[in-house]
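The values are calculated or read from the model by the stated rules, or taken from the named source; none is laboratory data. Everything numeric in this text was worked out from a predicted model, so none of it was measured. Glycine gets a Cβ as well: all are built from the backbone with ideal geometry, and neighbour counts include every protein chain shown. Areas reflect the complete protein model, heavy atoms only, side chains present, ligands, DNA and RNA absent. Shrake-Rupley method; radii C 1.70, N 1.55, O 1.52, S 1.80 Å.
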Amino acid sequence: MKNIRAEIRVSGIVQGVGFRPFVYRIAVNRGLKGFVQNLKDASVRIIVEGPESDIKSFLEALVKEKPPLARITKSDVSYLESNNEFVEFKILESSKQSLVAGSVIPADVAICDDCVRELLDPVDRRFGYFFITCTNCGPRFTIILDTPYDRQNTSMRDFPMCEVCISEYEDPLNRRFHAQTIACSKCGPKVYLTTNDGELVTCKEPIKEAAKLIDEGYIVAIKGNGGFHVATATTISEPIIRLRKAKHRRQKPFAIMAKDLKTIRSFAIVSEQEEELLTSLARPIVLLRKSEDYYLSKEIAPGLHNIGVMLPYTGLHLLLLLNSKEPAYVMTSANPSGEPIVIQNQEAYVRIKRDVDYMLLHDREIVNRCDDSVVRVVDGSISFIRRSRGYAPEPIILSYEYNKNIFALGGELNVTACILMGDKAFLTQHIGDIECVETYEFLKSAIHHLAKLTRAQPEVIAHDLHPSFHTTRLAEELAEKFKIPALPVQHHHAHVASVMAEYGLEEVIGIACDGFGYGSDGLAWGGEVLLCDDNGYRRMGHLENHPMPGGDLATKYPIRMAAGILFGSNLCEEWLFLNADKLPRGRYEAELILKQLKNGKNIKTSSVGRILDSVAAILGICYERTYEGEPPMKLESAAIGGSDILRLKPEIKGRVLNTKCLVESIAEIAIKGLDPKKVRDLAFSAQNYLAVGLAELALEIAISEGVKNIAFTGGVAYNEQIMATVRRIVEVRGFRFYTNTRAPPGDGGLSLGQAAIAAKLSN
Ligand code: ZN
Ligand code: ZN
Ligand code: FE
């Protein structure tokens, strides 16, 4: 049979993921000759020679059997005549030139099944070695100093390989061929245990010892891949209460890490889709519903129907849990409140010393801090609460190519930044709330580092419209420094644009609902219906405006907000004084609130979040917000299993949804007395009213404007009842419904929307 030659160009994520050794194996298996080579545009070039049928089966295997981390977005094949030029199949050296701008940087990958098997196999040379990895798994982004992704450009450069590791690294048929993180107990990072003062705890097996300490009720800091966690047991409450005191975190839920899936099912309900997420390569924290026989401490996620759970994603975590009697550990980011997660050993002794009893450390440097990602399946679709470890900085691929590089800086809370180049949107890891110097510095260094990795030069800087956000000031500084334009983008416009960018939509009616965003009229927006297209947006409808007595205090103490909404009705005073004892300064404060309302100089808001806050306060679910989203999250939990007893028809006048009538009717019932069933049904009714009202409002506008697409975004899109109701109504009426599935619908997705708007306007 006559030989032919095929030349194949494969692009996507094909470098640094074990693609070349894979190609080598499938070529050699079939007796094909030729070579495989990494090209500098991040694609791979393959030449194979052999009989046609073998080449056909090679091409099939190329797609079907590709390594788990590889993603092929494009592959071109051309056939030539063979001149039998090759005598063997070879892996050629990568071209030495630097990578082309916009190359993909791999995200961290959870430990793979092969590594788990070796980790637990007493005769394997990496038995019990905490930093076991291979070409298919291990840290990437958290260790990378520069591109291309080579050991010398990672913090693994501090660990010269031993001879056995070198031989594995150089063997094309070995699973660790060119695995940049290759290491063993002889040559790789070491783990050790200390007290919170840094005194070494002498023991043979530090991981086992740490597990024992956690079982006994001690609090242990654990250095992972992207930062430190603080771990405690989950079946006893004492260490969790102690941790809450130390961290000044009264109510905010802690995430947990559970031994395995079976264990998770013993305390939570896991759908097929959630199982897929839990076990995915990114291994994020997944918000799961607590089951009927939930038996872990109530202190983990107080007042909530769900709990954030993840599976072990490194050898270290797996060894800890396998050596423990606990089914799961609290695993919360180690950081002083509001500050970025701790990454350095010395830093840990200073900053989290008082939170913990012991520290389990290793000697490998964390280059990029990276918190765990958090996702929730909301009404069947994946919703990122935090897109970070395992996802960042892999780009979100857009359906347009833009010709300018855009840097976008996000808002003030849950910030991410975005670098948009060509058709790729690179979002940074989760940065956090830019309220302290440390987070601000983290934002700056994260942008700087991402720009370095992507080789991006900014041409436009997009930011929030809010004049006093730190990110706005940073944008102005950068614009000045690079002599480029800065573009302010309205908050809710950016939210809607993030959905448009994900789906490539050109025109949409966007429902953007959250706690707060600066409006073009200077008011506090947060329940908006916008008509958005490539030229910009128009505010077409919104929730009724209500005064916020005391400004930010009305956010912290939802009773104030409720009073603001009730003001003007005869219920207001009666209800407020009835609940005055729930205010920090009691009756005196209630009187002050009335005075503030009477003088009329309060900022006004159309926020959905504030309505949910008020209802939570009136129903006695939450009187004080100790973390972002607390009142609405607890309201959602309280509404589970409820029904619409209020049966209030949404009142829309002049494209403003009346919300006073909703809050009034609930307060009226509450004054007469509440029982748990009533609380549940009223919580359900309130969410239903808002969802139906928003959907009706959006539909009215969509019909009159002749738009077929409706998007729902903003932090309220995490609320399952509201999301499901809006979607159902929109779809039943024959409109297309969209929401974020790749970027967070909350403020973590703002930077994507800002970048997309800036890109459209400057293309
Ligand atoms: Zn592996
Ligand atoms: Zn070694
Ligand atoms: Fe927002």
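Summary table
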quantity	calculated
Enumerated strands (runs of 3 or more DSSP E) restricted to segment 1-120, each holding at least 3 residues that are out of contact with any Ser or Thr (no Cβ under 6 Å at 6 or more places or on another chain) and open to solvent by 10 Å² or more (accessible area, probe 1.4 Å)	33-38, 71-81, 89-91
Single unsatisfied condition, LEU119 versus (1) assigned by TED's automatic domain parsing to the domain that holds ILE26; (2) in contact with a helix residue (DSSP H, G or I) (Cβ under 7 Å, 6 or more places away or on another chain); (3) within 16 Å of ligand 1 (Cβ to nearest atom)	(1)
Residue match in segment 424-436 (condition: open to solvent by 20 Å² or more (accessible area, probe 1.4 Å) and farther than 24 Å from TYR518 by Cβ)	yes
Counted residues, segment 462-501 - those being part of a strand (DSSP E or B), farther than 21 Å from VAL608 by Cβ and open to solvent by less than 20 Å² (accessible area, probe 1.4 Å)	2
Any hit, segment 519-532, residues being within 13 Å of ligand 3 (Cβ to nearest atom) and touching an Asp or Glu at 6+ places or on another chain (Cβ under 7 Å)	yes
Qualifying residue in segment 178-195 (condition: farther than 25 Å from LEU322 by Cβ, outside any strand (DSSP E or B) and within 14 Å of ligand 1 (Cβ to nearest atom))	yes
Selected residue (only one of ASP363, ASP372 is at pLDDT 95 or above and closer than 25 Å to VAL309 by Cβ)	ASP372
Qualifying strands (runs of 3 or more DSSP E) (wholly inside segment 340-403; at least 1 residues being open to solvent by 10 Å² or more (accessible area, probe 1.4 Å) and either under 13 Å from THR142 (Cβ atoms) or among the basic types (Lys, Arg) (or both))	374-378, 381-386
Condition met for SER185 (assigned by TED's automatic domain parsing to the domain that holds GLU347 and more than 16 Å from ligand 3 (Cβ to nearest atom))	no
Residue selected from segment 126-155 under the condition open to solvent by 20 Å² or more (accessible area, probe 1.4 Å) and touching a residue at least 60 places away in the same chain (Cβ under 8 Å), by the criterion farthest from ligand 1 (Cβ to nearest atom)	ASP146
Breaking point among (1) over 16 Å from SER373 (Cα atoms); (2) in contact with a strand residue (DSSP E or B) (Cβ under 6 Å, 6 or more places away or on another chain), for SER271	(2)
Positions within segment 131-169 being farther than 20 Å from PHE22 by Cα, within 14 Å of ligand 2 (Cβ to nearest atom) and of a type outside the set (A, V, I, L, M), in sequence order	PHE131, ASP158, PHE159, PRO160, CYS162, GLU163
Residue that is part of a helix (DSSP H, G or I) and within 16 Å of ligand 3 (Cβ to nearest atom), where the choices are VAL726, VAL716, VAL692	VAL716
Filtered residue count, segment 4-25, keeping only those that are closer than 19 Å to SER78 by Cβ and either of a type in the set (Val, Ile, Thr) or out of contact with any Phe, Trp or Tyr (no Cβ under 6 Å at 6 or more places or on another chain) (or both)	10
Inter-residue pairs, beta-carbon under 9 Å, first under 16 Å from CYS115 (Cβ atoms) and of a type outside the set (A, V, I, L, M, F, W, C) and in segment 162-187, second open to solvent by 60 Å² or more (accessible area, probe 1.4 Å) and modelled with pLDDT of 95 or more, 6+ apart	ASN174/SER167; SER185/ARG125; SER185/PHE127
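Table: residues versus (1) over 21 Å from the mean Cα position of the chain (by Cα); (2) open to solvent by 30 Å² or more (accessible area, probe 1.4 Å); (3) without any contact (Cβ under 8 Å) to a residue 40 or more places away in the chain.
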| residue | (1), (2), (3) |
| --- | --- |
| VAL716 | no, no, no |
| ARG728 | yes, yes, yes |
| GLU731 | yes, yes, yes |
| PHE735 | yes, no, yes |
| ARG742 | no, yes, no |
| GLY746 | no, no, no |
| LEU752 | no, no, no |
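The rows are residues; the columns are (1) of a type in the set (Val, Ile, Thr); (2) within 29 Å of LEU200 (Cβ to Cβ); (3) surrounded by fewer than 16 Cβ atoms within 10 Å (Cβ to Cβ); (4) under 22 Å from the mean Cα position of the chain (by Cα).
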| position | (1), (2), (3), (4) |
| --- | --- |
| ALA221 | no, yes, no, no |
| ALA233 | no, yes, no, no |
| ARG242 | no, yes, no, no |
| PRO253 | no, no, no, yes |
| MET257 | no, yes, no, yes |
| LYS262 | no, no, yes, no |
| VAL270 | yes, no, no, yes |
| GLN273 | no, no, yes, yes |
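So that you can scan it fast, the table gives a plain yes or no per residue for (1) within 16 Å of the chain's Cα centre (by Cα); (2) aromatic (Phe, Trp, Tyr):
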{"site": "TYR400", "(1), (2)": "no, yes"}
{"site": "LEU420", "(1), (2)": "no, no"}
{"site": "THR428", "(1), (2)": "yes, no"}
{"site": "CYS436", "(1), (2)": "no, no"}
{"site": "THR439", "(1), (2)": "no, no"}
